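The values are calculated or read from the model by the stated rules, or taken from the named source; none is laboratory data. Bear in mind the structure is a predicted one, so any value in this text is a computation, not a measurement. Ideal geometry is used to build each Cβ from the backbone, glycine not excepted, and the neighbour counts take in all protein chains shown.
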Amino acid sequence: MSSRIDVSIEHKHAPEPSDSGKRDPNTCPSCGSHYRDDELAENLRVCVHCGYHFQLRARERVRQLADPDTFVEEAADLRSGDPLSFFDLRPYTERLAEAEMSTGLGDAIVVGRTAIDGRPCELSVMDFAFMGGSMGSVVGEKFARACQSATERGVPLVSVTASGGARMQEGILSLMQLPKTICAVEDLHDAGGALISVMAHPTTAGVLASFASLGDVIVAEPGALVSFTGPRVVAQTTREKLPDDFGLSESNYRYGHLDAIVRRAELRDYLARLLRLFGNGAERG
Amino acid sequence: MAPSEAELRLRERLGRLRRMSLLGGARVSRELQRLEGQLERLAEEPTENQIWAQVELARDEDRPYTLDYVERLFEDFVELHGDRSRADDPAMVVGLARFDGRTIALVGNQKGRDVKERTRRNFGMAHPEGYRKAMRVMELAGRHRFPLLSFVDIPGAYPGIAAEQHGQGGAIAHSQARMLRLEVPTVACIIGEGGSGGAIATAVADRVLMQEHAIYSVISPEGGAAILWRDGEEKRKAATAFKPDALHCLELGVIDRIVPEPEGGAQNDYDQAARLLAESIGEALEELQAVPGSELRRRRRERYRNVGVVATA
C-alpha cells in the first residue's frame with residue numbers, strides 16, 4: 001500500500017472554468033486548491049496550502065478585526081453624485097446602482113467606531129468589489145469623517161485599503177480626493193491622533209499616493225500589490241523585464257516602504273499591540 | 001471658443017458654490033441648479049473636436065515650458081539641485097528667484113525640447129527623487145517665509161521600475177501633505193498638462209491658476225480610454241467625458257482662475273504669455289500676502305477638506 005497522499009483530491013471538487021474564462025472565486029489563483037465557503041471563512045479567506053490571501057469584503061474584514069458587537073457604522077447614508085454626467089460604455093449612475101445592488105454597500109468604503117481587543121479605535125475599510133475600490137467623492141468624504149471621528153474621540157484610526165485608484169467617472173474631482181484625504185490625515189496628526197495603515201491587495205494609484213502612505217505605521221498583507229502604477233502598464237511602457245515580485249508587498253518591504261508584512265491570521269493581534277502602544281498606558285475602554 | 005465675461009463669471013460662481021456644497025445643504029444645491037440652468041442657456045457644451053483641440057494645444061511641442069517662464073518672469077534665478085538623498089531629477093526644476101521685487105521659491109515640472117533634452121528630462125515625468133527635491137524647497141520656503149510658486153506641466157506620474165522601487169506613491173502623498181502644511185502663500189499654475197497624481201503632487205495651493213489652453217485631468221485621455229472603453233483609440237471620447245479643459249475645471253471649483261493666453265495659444269508669443277501669467281500670479285500673491293500664514297493654512301485645508309460632490313441616500 002502506498003503511503004503517498006493523493007493530493008489530487010484537493011482539486012476534485014473544483015468547478016470547471018466557466019466560458020468567460022473567469023476563475024471560481026473559491027479556487028486559489030496561486031496553487032489551484034478549491035474550498036467550500038465555510039472552509040475559506042474559517043481560515044480567514046487564506047489558502048491553507050500556499051498562504052495566498054484571498055480578497056476580503058469590507059464587512060468580513062470588520063468582522064475579523066473588530067470586537068464582537070462593537071462596530072457602529074458612520075456616514076452610511078452618503079452616496080455619490082454624478083457631477084460630470086459621466087458616460088463611458090454605460091452611464092456612471094447605472095454603474096453605481098449596480099455596484100450598490102451587488103455589494104450591499106453605499107460606496108467602496110465602510111467606516112465606523114469600534115474596539116479591537118478592548119482598545120477603542122476608529123476603523124475604515126475599503127471594498128474592492130464596489131467598482132474596484134475606486135476613490136470618488138464619497139470615499140474621500142467618509143475617510144475624512146473617520147479621521148474627524150477619531151480626532152473627536154481621541155482614538156487611533158485603523159485604515160484597511162483595497163483600491164485600484166481614483167474613480168475616473170468623477171473626473172478631476174476624484175483626483176481632488178487625494179489632497180482631501182491627506183488634509184484629513186494632517187488634521188488628525190495635528191491633533192495628536194495616530195493612523196495605522198494596512199494595505200490589502202491591491203493598494204494602488206490614487207489611494208497609495210494619498211492617505212494610505214501617510215500612516216504612522218504602514219503594513220501590508222503578503223502578496224498584495226502595492227504600487228502606484230501596476231506591473232502591466234510599467235512593462236508596456238518600459239519594455240523591460242520586471243522583477244518577479246515587482247510592486248508586491250515583499251518588494252516594497254525590501255525597499256523600505258513598509259514597516260512589516262503581516263499575515264491575516266496575525267493582523268488582529270498586531271493591531272491590538274500597536275493600539276496599546278499608541279494608547280501609551282491609558283486606561284482600557 | 002473664447003468664453004464671454006458673463007460665462008466666466010458664472011462658471012467661477014458655480015465653482016465657488018460647489019466647494020461649499022458639502023456644508024451648504026439644500027439651499028446651495030438649489031442655487032447650483034439655478035446657475036447651471038443659466039450657464040446652459042448661455043454657453044453650449046464644447047464638442048469632442050473642441051476638447052481634443054485643447055488637449056493638442058496643451059501638448060504642443062512649442063508651448064512654453066517652466067524654464068521659458070522662469071527666464072521671462074524672474075530675476076536672480078538660482079536653480080537648486082538634488083533631493084539630498086539620492087539624486088538630482090532633471091524633470092523637476094526648483095530654485096529661488098525674485099518676482100516683483102520679492103523672493104519666491106519655485107518648483108516646476110520641466111519637459112525637454114529636442115530629443116536629447118526630452119530624454120534627459122524624462123518627458124517631464126518626475127521620479128520620486130523629483131518630488132523629494134520639490135519637498136526640500138517647500139520646506140525651505142516655509143523656513144524663510146518665501147511664497148511658493150509651482151508650475152505644473154506633467155503628462156502623468158512616471159510608469160517606471162525605479163519610480164516604483166523608490167516609492168513614487170509615498171513621495172506624491174508626502175509632497176501634497178507638505179503643501180498643506182505650509183504657512184506661506186502658495187500659488188500653483190497649470191501651464192500645460194496637469195496629469196494625474198504627478199500633477200496634484202505639486203498643485204495643492206491657496207490659488208490654483210490654469211492657462212486657457214492647459215488641461216487638468218485624473219488620467220490621460222489615452223489611459224482613460226484604455227481602461228473605461230477598453231480601447232486606447234477612444235481617446236477623444238475619453239477626453240470629452242473627463243472635461244479636462246480650463247472652463248470645466250473652473251466650473252467644478254478645482255481651479256480659481258483662468259489665465260488668458262495670446263491669440264491661438266501660448267506657443268505663438270512667449271513674451272505675451274509670460275506677461276499675462278505674471279499678471280495673474282502678481283494679483284494672487286498680492287491678495288495672499290495680506291493674510292497671516294496660519295490663516296492661509298486654515299483656509300487651504302478647509303478648501304481641500306470640502307472638495308467633492310456627495311448626496312445622501
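Mind telling me which of the residues B:95, B:130, B:108 ends up being under 14 Å from residue B:66 (Cβ atoms) and surrounded by fewer than 24 Cβ atoms within 10 Å (Cβ to Cβ)?
When all the criteria are applied, what remains is B:95.
If a residue counts only when it is surrounded by fewer than 16 Cβ atoms within 10 Å (Cβ to Cβ) and without any contact (Cβ under 8 Å) to a residue 24 or more places away in the chain, which helices (runs of 4 or more DSSP H) contained entirely in segment A:179-285 have at least 2 such residues?
Once the helices (runs of 4 or more DSSP H) in segment A:179-285 are filtered for at least 2 residues that are surrounded by fewer than 16 Cβ atoms within 10 Å (Cβ to Cβ) and without any contact (Cβ under 8 Å) to a residue 24 or more places away in the chain, what remains is A:231-238, A:264-279.
Of all residues in segment B:178-207, which are part of a helix (DSSP H, G or I), facing chain A (nearest Cβ under 9 Å) and not small (Gly, Ala, Ser)?
Residues satisfying the conditions are B:179, B:180, B:181, B:200.
If we scan segment A:94-112, do we find a residue that is of a type outside the set (A, V, I, L, M), within 11 Å of another protein chain (Cβ to nearest Cβ) and assigned to a loop (DSSP other than H, G, I, E, B)?
yes
Taking the condition of a type in the set (Asp, Glu) and either loosely packed, with under 12 Cβ neighbours inside 10 Å or modelled with pLDDT of 90 or more (or both), does residue A:24 pass?
So residue A:24 does not fit the description; no.
Going by the conditions given, is residue B:70 of a type in the set (A, V, I, L, M, F, W, C), at pLDDT 95 or above and either part of a strand (DSSP E or B) or more than 18 Å from the chain's Cα centre (by Cα) (or both)?
Answer is no for this residue.
Taking segment B:139-177 on its own, how many of its residues are buried (at least 24 other Cβ atoms within 10 Å of the Cβ) and either in a loop (DSSP other than H, G, I, E, B) or not small (Gly, Ala, Ser) (or both)?
12
Rundown of residues vs (1) among the charged types (D, E, K, R); (2) closer than 20 Å to residue A:204 by Cβ, yes/no style:
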position: B:129; (1), (2): yes, no
position: B:134; (1), (2): no, no
position: B:154; (1), (2): no, yes
position: B:162; (1), (2): no, yes
position: B:169; (1), (2): no, yes
position: B:189; (1), (2): no, no
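Please list, ordered by first then second residue, the pairs with beta carbon atoms under 6 Å, 6 or more apart or interchain, first in segment B:296-313 and at the interface with another protein chain (Cβ under 7 Å from one of its Cβ atoms) and part of a loop (DSSP other than H, G, I, E, B), second surrounded by fewer than 21 Cβ atoms within 10 Å (Cβ to Cβ) and among the acidic types (Asp, Glu).
As it stands, the answer is B:313/A:77, since those pairs meet every condition given.
Which one of these is facing another protein chain (nearest Cβ under 8 Å) and among the charged types (D, E, K, R): A:221, A:266, A:186, A:250?
Selected residue: A:186, the only one of A:221, A:266, A:186, A:250 that is facing another protein chain (nearest Cβ under 8 Å) and among the charged types (D, E, K, R).
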